[in-house]
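One structure below.
The values are calculated or read from the model by the stated rules, or taken from the named source; none is laboratory data. The structure presented is a predicted model; accordingly, all values stated were derived computationally and were not measured. For neighbour counting, all protein chains shown are included, and Cβ atoms are generated from backbone atoms with ideal geometry for every residue, glycine included. Calculation scope for accessible area: heavy atoms of the full protein, side chains included, ligands and nucleic acids excluded. Shrake-Rupley method; radii C 1.70, N 1.55, O 1.52, S 1.80 Å.
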Amino acid sequence: MLGVVLLRTNIEERACDLAAYIIENRATCRAAAKKFGVSKSTVHKDISERLRFCSSSLYQQVQEVLQENKAQRHIRGGEATRQKYLQRPTSR
């Protein structure tokens, strides 16, 4: 039973650490996942479900960053595609 309590504490700490990183760096879930060495699914679950019960103030701040990132993702995607085609050699 003690192992379960320790694991729960580590998950809560990870969720808070992820939230702090996302807030400080205005990072995406993907960037946070890469930095912490976990999957995007884990990051999303930690910050959207687990964090709500650990720290409601961090949860609110992270949600603001995520909404901002969501609003800008079409721009990021378009820019990534543009860069991809600019780096390709022309075959004409």
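Please tell me if HIS44 is closer than 17 Å to ASN10 by Cα and not polar (S, T, N, Q). Can you show your working first?
Values: closer than 17 Å to ASN10 by Cα: yes; not polar (S, T, N, Q): yes.
So HIS44 passes the test.
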Legend entry - Residues within the range 15-25 that are over 9 Å from the mean Cα position of the chain (by Cα) and of a type outside the set (Asp, Glu), tallied: 5
Legend entry - Where PHE53 falls short, out of the listed (1) over 22 Å from ILE75 (Cβ atoms); (2) open to solvent by less than 90 Å² (accessible area, probe 1.4 Å); (3) of a type in the set (A, V, I, L, M, F, W, C): (2)
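Can you pull out the residues in the range 5-60 that are β-branched (Val, Ile, Thr) and touching a residue at least 40 places away in the same chain (Cβ under 8 Å)?
Residues satisfying the conditions are ILE22, ILE23, THR28.
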